[in-house]
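Report on one structure; see the data block that follows.
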């Protein structure tokens, strides 16, 4: 905020290049850790590499990685969306419940319903954040409560049970191409598209600009309110679709579906190298972070370590990741400052 | 001193609003259920919010100093699990309680070290420790629960404090509220906390030991969360790893509802007390009106939303009235030039939430390059 005016164009491009290297290093780092984890666990316990288990991990990753994409879009613009878990729950119940109310409803329509619910929730968040100009942390904390409360009021003590869902719907979760679950492939395509949008589209880049410096972004003519609004709509839409996937995956849905998933998603996003104060990070990194976290959970399980360790490890990794980021960004700033002197402003 | 007096004015208005709302809730409660205004009902009403009330005090101080602590409920859960873990291993209860309180203090210290020494954003750190501490609770107890506590202790959780109509947790809250209120509003430490929240760098340059004060606040938060964990465990007579899950939301909601600005620098302990009362009465009234208890989050969420939207709306209206451009106008730079002094004297709260501050996340001060600029 203070140093911005001093930077010459040369330094800015330097900064872009450096942070590009840093983010790519982060992605490579996660891949390296992942490979190490898979190899070591696979050697110790070959069951880990059984197709069954890999499919299981990929399906678990699907939901977290999708949500992480939405969260990345929001976080790079220096906001946060804590309400996604509640949106997943609301959408999972309402969309799966359609089968009970409308006989023979086509499955794409169910996905559309989930999408619509997600967009509505995201738009509500986005509207309050961008028009009400209230910090997103507070808004989405509040909407986490409100959406979950609505879910509880609608669901009551009831639930959707697996056998009430059409087999063709449940089968989506079991379909595979060359052993890879269809859902995981679809998620990979969506994440790739999202990453491309953030990286190469004007409105995507503008999100990073907003996250780096909202005031400067506004003065540069970026429609900050509209972009922020759209970021929340995107996050909500993704959470809505993920809710339908939740229904496919678990079948049984009560009013607690998706509770607390936002923390796993934020952990994945941060471990994946998205700066929590905005302005940097990639959707691919966030997806890799999701893959790493679910792989760790699965490895612990296969190795016979109590599943109760998973959460503590996720928390530890999250803290390690932000500490690492802090160290890197400090070094980056120092390097940039040196570059500034050398460039002789 | 002008800013201090000025700071009290709009807050006084905020608390007037709280009092009116509390009165409204009382009327609503009485009209829906005749048993609402009985001391027995008030006892159970306050019993339900005792832990949140205790945790809200350090949270208020932390938010006023411009930070946040989302790990309080996980600290509560971890300490509750530790209590059961040590108890079934045959430790004497006094020793268990001391260790549990110390564990809470250590949890707070860990947050503080990450935030102050490593310069990490408190939001990210405490989301991390929220997961970590809950994970430790899971490691300690796994799927088991412990409920073999002696009646002498579980009575502490459900009986009134001797000589009063109030539960132990509320008596502790009242004593703590008085201590914290005095510290915050009439001592140099309290002024230092406000100063840190308004401008951390300026506070550091004027000789305030920012690191030390923040460390103390987080340790206090950890320790009082541990105390809340003990009370929670005795109230339910059960130690289980998911005790208190999600309570951090209630605590933050109450603190913001009390008129503490999420950007730091404003807030009163009187507001906290009023907010706790209103919050408890509202939940209780809804319960008596047969509203689904688990869906009461809708009300909490709406309260939270209202408490941040109202100041923004007020500032927008008052800016309109003065013929200034609304929130769509030019950002920050214009503010000090068009309203020299006026904004500081008449509506500092609104000023805080106007263009400069409201686009700024709570962790703004921790961007790389600004915090360790020297």
Report task. Would you mind stating whether residue A:247 is buried (at least 24 other Cβ atoms within 10 Å of the Cβ) and without any contact (Cβ under 8 Å) to a residue 60 or more places away in the chain? Result -> no
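Given A:126, A:132, which one is under 28 Å from residue B:306 (Cα atoms) and surrounded by 22 or more Cβ atoms within 10 Å (Cβ to Cβ)?
Values: A:132 fails: surrounded by 22 or more Cβ atoms within 10 Å (Cβ to Cβ).
The match here is A:126.
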Query raised in the report: Out of all the residues in the range B:103-123, is one or more assigned to a helix (DSSP H, G or I), farther than 30 Å from residue B:203 by Cβ and modelled with pLDDT of 95 or more?
Result: yes
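Considering each of A:66, A:90, A:98, A:37 in turn, give the residue that is in contact (Cβ under 8 Å) with a residue 12 or more places away in the chain, crowded, with 21+ Cβ neighbours inside 10 Å and over 20 Å from residue A:139 (Cβ atoms).
Working: A:90 fails: over 20 Å from residue A:139 (Cβ atoms); A:98 fails: crowded, with 21+ Cβ neighbours inside 10 Å; A:37 fails: crowded, with 21+ Cβ neighbours inside 10 Å.
Being in contact (Cβ under 8 Å) with a residue 12 or more places away in the chain, crowded, with 21+ Cβ neighbours inside 10 Å and over 20 Å from residue A:139 (Cβ atoms) holds for just one of A:66, A:90, A:98, A:37, which is A:66.
If the requirement is being at pLDDT 90 or above and surrounded by fewer than 20 Cβ atoms within 10 Å (Cβ to Cβ), which of these qualifies: B:99, B:156?
On the way: B:156 fails: at pLDDT 90 or above.
Going through B:99, B:156 in turn, just one is at pLDDT 90 or above and surrounded by fewer than 20 Cβ atoms within 10 Å (Cβ to Cβ): B:99.
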Requested in this report: For the range A:139-186, enumerate the residues that are modelled with pLDDT under 85 and facing another protein chain (nearest Cβ under 8 Å).
Outcome: A:156
Query raised in the report: Only one residue in A:44, A:40, A:75, A:102 is touching a helix residue (DSSP H, G or I) at 6+ places or on another chain (Cβ under 9 Å) and within 30 Å of residue A:126 (Cα to Cα), so which one is that?
Result: A:75
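Residue-by-condition table, conditions (1) without any contact (Cβ under 8 Å) to a residue 12 or more places away in the chain; (2) assigned by TED's automatic domain parsing to the domain that holds residue B:153:
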{"site": "B:202", "(1), (2)": "yes, yes"}
{"site": "B:211", "(1), (2)": "no, yes"}
{"site": "B:268", "(1), (2)": "no, yes"}
{"site": "B:300", "(1), (2)": "no, no"}
Report task. Name every residue in the range A:80-102 that is modelled with pLDDT under 85 and not in a helix (DSSP H, G or I), in order of residue number. Result -> A:102
Report task. Run residue A:249 past the list (1) in contact with a helix residue (DSSP H, G or I) (Cβ under 6 Å, 6 or more places away or on another chain); (2) more than 9 Å from chain B (Cβ to nearest Cβ); (3) part of a helix (DSSP H, G or I); (4) more than 30 Å from residue A:215 (Cβ to Cβ) and report the number of the one that doesn't hold. Result -> (1)
Report task. Give just the number: which of (1) surrounded by 13 or more Cβ atoms within 10 Å (Cβ to Cβ); (2) in contact (Cβ under 8 Å) with a residue 12 or more places away in the chain does residue A:42 not satisfy? Result -> (2)
Report task. Please indicate, with yes or no, whether at least one residue in the range B:64-72 is assigned by TED's automatic domain parsing to the domain that holds residue B:166, in contact (Cβ under 8 Å) with a residue 12 or more places away in the chain, outside any loop (DSSP other than H, G, I, E, B) and surrounded by 23 or more Cβ atoms within 10 Å (Cβ to Cβ). Result -> yes
Requested in this report: May I ask you to list the residues in the range B:133-162 that are part of a helix (DSSP H, G or I) and either more than 14 Å from every other protein chain (Cβ to nearest Cβ) or touching a strand residue (DSSP E or B) at 6+ places or on another chain (Cβ under 8 Å) (or both)?
Outcome: B:141, B:151, B:152, B:153, B:154, B:155, B:156, B:157, B:158
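Going through the range B:101-121 one residue at a time, which ones are more than 7 Å from chain A (Cβ to nearest Cβ) and closer than 23 Å to residue A:310 by Cα?
Residues of the range B:101-121 that are more than 7 Å from chain A (Cβ to nearest Cβ), as a first pass: B:101-113, B:115-117.
Within the range B:101-121, B:103, B:104, B:106, B:107, B:108, B:110, B:111 qualify.
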Report task. Name the helices (runs of 4 or more DSSP H) wholly inside the range A:256-345 in which the number of residues that are modelled with pLDDT of 80 or more, more than 9 Å from chain B (Cβ to nearest Cβ) and crowded, with 17+ Cβ neighbours inside 10 Å is 3 or more. Result -> A:261-271, A:283-302
Query raised in the report: Looking at (1) exposed (fewer than 15 other Cβ atoms within 10 Å of the Cβ); (2) in contact (Cβ under 8 Å) with a residue 12 or more places away in the chain, which is the one condition that is false for residue A:171?
Result: (2)
Requested in this report: Those residues that are within 13 Å of chain A (Cβ to nearest Cβ), in contact with a helix residue (DSSP H, G or I) (Cβ under 6 Å, 6 or more places away or on another chain) and not in a loop (DSSP other than H, G, I, E, B), I need them from the range B:250-292; list them, please.
Outcome: B:250, B:251, B:253, B:254, B:255, B:256, B:257, B:279, B:283, B:286
Query raised in the report: For the range B:232-249, what are the residues that are within 13 Å of chain A (Cβ to nearest Cβ) and buried (at least 24 other Cβ atoms within 10 Å of the Cβ)?
Result: B:241, B:248
Query raised in the report: Based on what the data block shows, is residue B:190 free of Cβ contacts under 8 Å to residues at least 12 places away in the same chain, at negative phi and surrounded by 13 or more Cβ atoms within 10 Å (Cβ to Cβ)?
Result: yes
Query raised in the report: On the given criteria, is residue B:226 modelled with pLDDT under 95, over 17 Å from residue B:179 (Cβ atoms) and in contact with a helix residue (DSSP H, G or I) (Cβ under 6 Å, 6 or more places away or on another chain)?
Result: no
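The values are calculated or read from the model by the stated rules, or taken from the named source; none is laboratory data. For clarity, every value in this text was computed on a predicted model and none was experimentally measured. Every residue, glycine among them, receives a Cβ derived from its backbone with ideal geometry; neighbour counts consider all protein chains shown.
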